[in-house]
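Note sheet for the following structure.
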Amino acid sequence: MKKLRLKRLELREKLRLRKKLNLPNILALFRIALAPLMLWFLIDRNNSIFSTWDPSWLDYFAGLIFVIASVTDFFDGFIARSWNQMTKLGGILDPLADKMLMLAGFLGLMVINRANAWAVFLILSREFFITGLRVVAVGENKNVSSSMAGKVKTVLQMIAIGFLIMNWPYATALLWLAVALTLYSGYEYTRDYFKI
């Protein structure tokens, strides 16, 4: 009888773990792992491994990693909603993966002098502030969900990072446009928090 009860408990634990480690959460973890890899290709250009490589190839690899990570960002949310696999763990991993990817991109680009330090400072300050505001809102049982401006901001930041990695024309203009939309969406979140 005891063995049967232990087997049931083990089976329940395995099922609980499987629910937490569903496909959307695995994609978010994959994105978390890609962020430092992309940063490595951006900033470690003098590494002996890359000594024979043309710097443009490092940009290509960093860009490819960024595109793959950005695509997983879309799919983890889409799969979680359409397959009804939204979890508390996913609610933590997804924004964490987003922030790590943006942080790696913007810091790497700043180190190789492709992103303006003030632009990066403004974007990251807003991200940290809104993350803190969300934590406070959850503690107060308030819902400060993503606005359309917040979603467009994320897409524009991703496009700006992609353009900056590839060193394409208008990359700096896109970065400053992303800064403006980032600050505006931060204003919206703050306004909505105080209205609730």
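What the table below lists for this structure:
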item: Close pairs from region 107-123: first among the basic types (Lys, Arg), partner crowded, with 17+ Cβ neighbours inside 10 Å and at pLDDT 95 or above, Cβ under 6 Å, at least 6 apart; result: Arg114/Leu164
item: Residues satisfying the stated conditions in region 165-182, i.e. in contact with an Asp or Glu (Cβ under 9 Å, 6 or more places away or on another chain) and either surrounded by 15 or more Cβ atoms within 10 Å (Cβ to Cβ) or aromatic (Phe, Trp, Tyr) (or both); result: Ile165, Met166, Thr182
item: Test: Val155 is at pLDDT below 95, more than 18 Å from Met100 (Cβ to Cβ) and surrounded by fewer than 16 Cβ atoms within 10 Å (Cβ to Cβ); result: no
item: When residues of region 62-84 are limited to those that are aromatic (Phe, Trp, Tyr) and part of a helix (DSSP H, G or I), the one farthest from Val135 (Cα to Cα); result: Phe66
item: So Ala97, is it in contact with a Lys or Arg (Cβ under 9 Å, 6 or more places away or on another chain) and either touching a residue at least 60 places away in the same chain (Cβ under 8 Å) or hydrophobic (A, V, I, L, M, F, W, C) (or both); result: yes
item: Of the criteria (1) under 13 Å from the mean Cα position of the chain (by Cα); (2) closer than 23 Å to Val152 by Cα; (3) at pLDDT 90 or above, which one Met110 fails; result: (1)
item: Restricting region 39-80 to residues that are under 13 Å from the mean Cα position of the chain (by Cα) and of a type in the set (S, T, N, Q), the residue that is nearest to Trp168 (Cα to Cα); result: Ser70
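Results for (1) surrounded by fewer than 16 Cβ atoms within 10 Å (Cβ to Cβ); (2) not hydrophobic (A, V, I, L, M, F, W, C), shown as yes or no for each residue.
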residue: Ser70; (1), (2): no, yes
residue: Asp73; (1), (2): no, yes
residue: Leu89; (1), (2): no, no
residue: Pro95; (1), (2): no, yes
residue: Met100; (1), (2): no, no
residue: Gly108; (1), (2): no, yes
residue: Ile112; (1), (2): no, no
residue: Ser125; (1), (2): yes, yes
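The values are calculated or read from the model by the stated rules, or taken from the named source; none is laboratory data. If you're wondering where the values come from, they're calculated on a predicted model, not measured in any experiment. Note: ideal-geometry Cβ built from the backbone for every residue, glycine included; neighbour counts use all protein chains shown.
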